[in-house]
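As structure tokens, the structure follows; a few thoughts come after it.
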């Protein structure tokens, strides 16, 4: 039920189904009521006619044949009457050998009931109590309504079929209306996907009045995000330029110390200056990546990682076999961030590996999972938690500044992912597991 379209469809279907149910109840009750009222009017007329005829006779006759026409004389015609006066009963000839089960009127003067008649007929009966020659009697007149009820049921079926057809047409019309009404939301989603893949597009703010504030807010946020990133890049650039002069002065002082014979102190100062310079260059590089106002193009490991692995093979000038396994489709993660992440992880693995490095990457719309293993000496269990500390080097004899895994940790935290270090069970070296989610909990 997270889909807005599904909710609207279900609400409309439920409303139409309720309307159809009420309509069918109305179609069943209203025609039946009209028919019963029409038949009852005739039955009351025939009952009053019998009563008038009885008033004209000096006493109750044994039978009454022609008083109400031939329909009451024809056997099983569907028109019947029965007169009850104490133990004396007068029946119409149309009943033949059958009889009517009529109600006994004690409290009320008249009643209406449905009876089962001869030959399976469905009868509507009207009974009324009268006084004739000082004697109380009950006149019951009944008529067969089987044909009328079948006609009503046929009409119900036809109207039900027409109502279902109308319901389907309304649903089709509703789908078309919803698609047109929600098209601005589809455009907003498409624009967000393009923004995610590194392509900016201004949203059209034309649409329903309820959606215009949302579209305007997305456009403002996009512009504000771009301006803020541009200001951050300018600020980092200003800091970098401001630090260049002090760094140059310190470099000159280190050279002066070297000329005075203070070589060890000069080398230590140059090392720290180089570290500061690399840190400034790295942050400026990250600022340039984010400064365009939109994220970089989405990452495709199938295209990016083979070239990166080849470059690392050449960089380390020794025979390192990198086994690369990649599955899945490109995911909406920043390509520059991913290249920096994999570059640092693979550089670290190649630096410590004996001969083999194994890389496994799974990418899809939900995110990215990667596993990097090497056959190097590995890291002791007590030191695994310290690998991402910036500037920490477990082996000072190896080249580097101890910043690579710290950068990896920063990128993983930016995407709200997980980074885990352990010993490889197959290669016996260091194993690194990276999970970067995409969605409401991830930065993608």
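The values are calculated or read from the model by the stated rules, or taken from the named source; none is laboratory data. Every value quoted in this text rests on a predicted model; they were computed, and no experiment measured them. As a convention, Cβ positions derive from the backbone with ideal geometry for all residues, glycine included, and neighbour counts pool all protein chains shown.
Below, the figures for the structure above:
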read-out: Scan of the range 384-422 for residues that are touching a strand residue (DSSP E or B) at 6+ places or on another chain (Cβ under 6 Å), over 14 Å from residue 344 (Cβ atoms) and at pLDDT 75 or above, ordered by number; value: 415, 417, 418, 420, 422
read-out: Matching option when the condition is assigned by TED's automatic domain parsing to the domain that holds residue 137, in contact with a helix residue (DSSP H, G or I) (Cβ under 9 Å, 6 or more places away or on another chain) and at pLDDT below 85, among 66, 58; value: 66
read-out: Residue ID - farthest from the chain's Cα centre (by Cα), chosen from residues in the range 333-360 that are buried (at least 21 other Cβ atoms within 10 Å of the Cβ) and not in a helix (DSSP H, G or I); value: 353
